[in-house]
Every structure is written in structure tokens, then in C-alpha cells.
Amino acid sequence: MTESGTGRKTELKARCVVNTAGPWVNDVIGRVAGLNSRRNVRLVKGSHIIVPKFWEGRQAYLVQNPDKRVIFINPYENDLALIGTTDIPYEGRPEDVKADANEIAYLITSVNRYFKQQLAESDIIHSFSGVRPLYDDNAENPSAVTRDYIFEVDAVDGTAPLLSVFGGKITTFRKLSEHALEKIRPFFPSMKPGWTAKGILPGGDMPKADFEQFLGDLRARYRWLPADLAKHYARLYGTRA
Ligand SMILES: Cc1cc2nc3c(=O)[nH]c(=O)nc-3n(C[C@H](O)[C@H](O)[C@H](O)COP(=O)(O)OP(=O)(O)OC[C@H]3O[C@@H](n4cnc5c(N)ncnc54)[C@H](O)[C@@H]3O)c2cc1C
């Protein structure tokens, strides 16, 4: 492993390496293991815009476009709206991705098709973009590429296995992790069974799962913390705030 900045090399030993580098999964296979993967990820860009919230209430909206894609319009933070997303094939470096003018126009048009209040580009406070590392199933339409995940295990005789994850979603992360462990079980026969089905996520162990009560207690304990920041920490980190 080479430390960026210093160029210093450190050698680490592990009985297994799990490669969850997302859009960079093939890069890690190549650079870390020096193997050529048969599989590939297809990068599909998705962009979002943030504007001042323009409707009453906390509800979110889902609107469908003539191209059959749906766009979400979500309340965001306190008084903002998060609008997304797009599905554009992307060939560049994942770290260079940004929302382009066509995507911004597409999102604004999607909203303006359904709402009385019309948005303009000048309403945009911020935009951001990410790339989905989708497993390449050779689908023609980027919206139709599978959102499912695929594993690859490289284990050259006697060496530590390298498990690489292609694709996946946040919503399926727990199942993905369980399946990933099943893939490396043959190398670790005394591995215990999965336990996360009933596990609580880090920071989620709030008494009676009552967020408002938890936030009230946090604010009472740290009176010097601005209210918005207390809420932000509580939402992000839960009991680890
Ligand atoms: C626009 C968009 C919309 C999405 N919408 C949804 C949705 O609605 N629902 C949903 O469930 N999922 C959604 N996803 C998918 C979700 O974001 C991904 O499935 C999820 O982030 C995958 O997590 P990951 O940890 O596998 O990879 P990532 O979050 O991509 O993390 C990979 C990490 O590896 C690191 N890395 C790369 N190379 C190296 C290296 N050489 N050494 C060390 N670290 C390295 C990177 O810095 C990065 O932190 C969306 C994704 C995008 C882009």
C-alpha cells in the first residue's frame, strides 16, 4: 500500500481482502491484486439539485417523465428541496463527475411539468452528482441496467482470497454483506452464522426508538449546542452524537 502524499510504502498482511471500492472496484483488483477481472462495472451518472423548498408540508413527491423515469422531489434539511436524479452513461474518472447543463435542465423541466410554482436555474443553491457502479449486464438503456450485485472471488492456490463486490444499493447493504460472508465462508469454516438481521445499526439504540425524545434529551444535555446543529448530529449519528 502506498500512502498518498508521502509515497511511503507500508506492507499489510491479511487473511482476506474485501474490495468494496464501488466505481473503483476494477482499479483495486488491478492495482492491489494485479489480476484482470472478467467482470466490469458500468458507470451511470446521477445528478441532483437543491433549491429552496417551494411547497407546504413535509411530504415528498415522485413525478414521472415522458421517458418513463421517475424523479423525486424531497424535503431536505429544514427549508430546502432535493431533486433528482438522472441516469447518464459515464466514461470518465468517477472522481471527476459533475452535474451538466442538460441534466439540470431535465430536472427543472420535470418539476415544472407538475408544479404551479415554476423553478428557474437561478433557484439552484447547489448541485451534486455521483456515479452508480452498476454490474455490466450489457443492457442497452442505462436505466435498465441491473441494480443487483455480483461477487467475484479470486483465490490463487494458497493465497488469501480477494472478494470484490460489483454493483449493489444502500437499501440492500445488509443482505449484500450477508451474502459476501457466505462467499468467503469456505476459507473460514469456523465462521459463526449471520446475526445482523436483528442487530441495531450503530447509533440506532435509542430508548423506545423515540427520536424526538432523544433529541430533546440531547439538547437538554448540551444547551450550548445550536438547535439546528444538535438536530443534525442526532439525525446523522444517533446515540453516537
Ligand atoms: C446518483 C445515485 C443515486 C443512488 N440512489 C440510490 C438509492 O436511491 N437507493 C440505494 O439504495 N442506492 C442508491 N445509490 C447507490 C449507492 O449510493 C451505492 O450502492 C452505495 O454507495 C455503494 O456503497 P459502497 O460502499 O459499495 O461503495 P461507495 O459508496 O462507492 O464507496 C467506495 C469507497 O471506496 C473508496 N476507494 C476507492 N478506491 C480505493 C482504494 N484504492 N483504496 C481505498 N479506498 C478506495 C472510495 O473512496 C469510496 O469511499 C445511488 C447512487 C448514486 C450515484
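The values are calculated or read from the model by the stated rules, or taken from the named source; none is laboratory data. Because the structure is a prediction, the values reported are computed rather than measured. Backbone-built Cβ (ideal geometry, glycine too); neighbour counts: all protein chains shown. The area values use the complete protein model at the heavy-atom level, side chains included, leaving out ligands, DNA and RNA. Shrake-Rupley method; radii C 1.70, N 1.55, O 1.52, S 1.80 Å.
Summary of computed values
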{"item": "Top-ranked residue in region 124-154 [being modelled with pLDDT of 95 or more and open to solvent by 50 Å² or more (accessible area, probe 1.4 Å); ranked as nearest to the ligand (Cβ to nearest atom)]", "result": "F128"}
{"item": "Residue check for K116: under 22 Å from L43 (Cβ atoms), assigned to a loop (DSSP other than H, G, I, E, B) and assigned by TED's automatic domain parsing to the domain that holds V51", "result": "no"}
{"item": "Qualifying residue in region 129-149 (condition: hydrophobic (A, V, I, L, M, F, W, C), in contact (Cβ under 8 Å) with a residue 60 or more places away in the chain and more than 18 Å from R39 (Cβ to Cβ))", "result": "no"}
{"item": "Count of residues meeting criterion [loosely packed, with under 13 Cβ neighbours inside 10 Å and more than 16 Å from the ligand (Cβ to nearest atom)] in region 94-108", "result": "2"}
{"item": "Residue count for region 208-228, restricted to those that are assigned to a loop (DSSP other than H, G, I, E, B) and within 13 Å of T239 (Cα to Cα)", "result": "1"}
{"item": "Lone unmet requirement of (1) among the hydrophobic types (A, V, I, L, M, F, W, C); (2) open to solvent by less than 60 Å² (accessible area, probe 1.4 Å); (3) touching an Asp or Glu at 6+ places or on another chain (Cβ under 9 Å) for A197", "result": "(2)"}
{"item": "Among (1) open to solvent by 50 Å² or more (accessible area, probe 1.4 Å); (2) touching a Ser or Thr at 6+ places or on another chain (Cβ under 8 Å); (3) not in a strand (DSSP E or B) - the single one W24 does not satisfy", "result": "(2)"}
{"item": "Tally of residues being within 30 Å of L80 (Cα to Cα) and in a strand (DSSP E or B) across region 121-160", "result": "9"}
{"item": "Residue list for region 200-241, filter: at pLDDT 95 or above, exposed (fewer than 10 other Cβ atoms within 10 Å of the Cβ) and touching a Phe, Trp or Tyr at 6+ places or on another chain (Cβ under 8 Å)", "result": "none"}
{"item": "Among residues of region 42-77, those that are surrounded by 18 or more Cβ atoms within 10 Å (Cβ to Cβ), in contact with a Pro (Cβ under 8 Å, 6 or more places away or on another chain), among the aliphatic types (A, V, I, L, M) and over 16 Å from S143 (Cβ atoms), counted", "result": "0"}
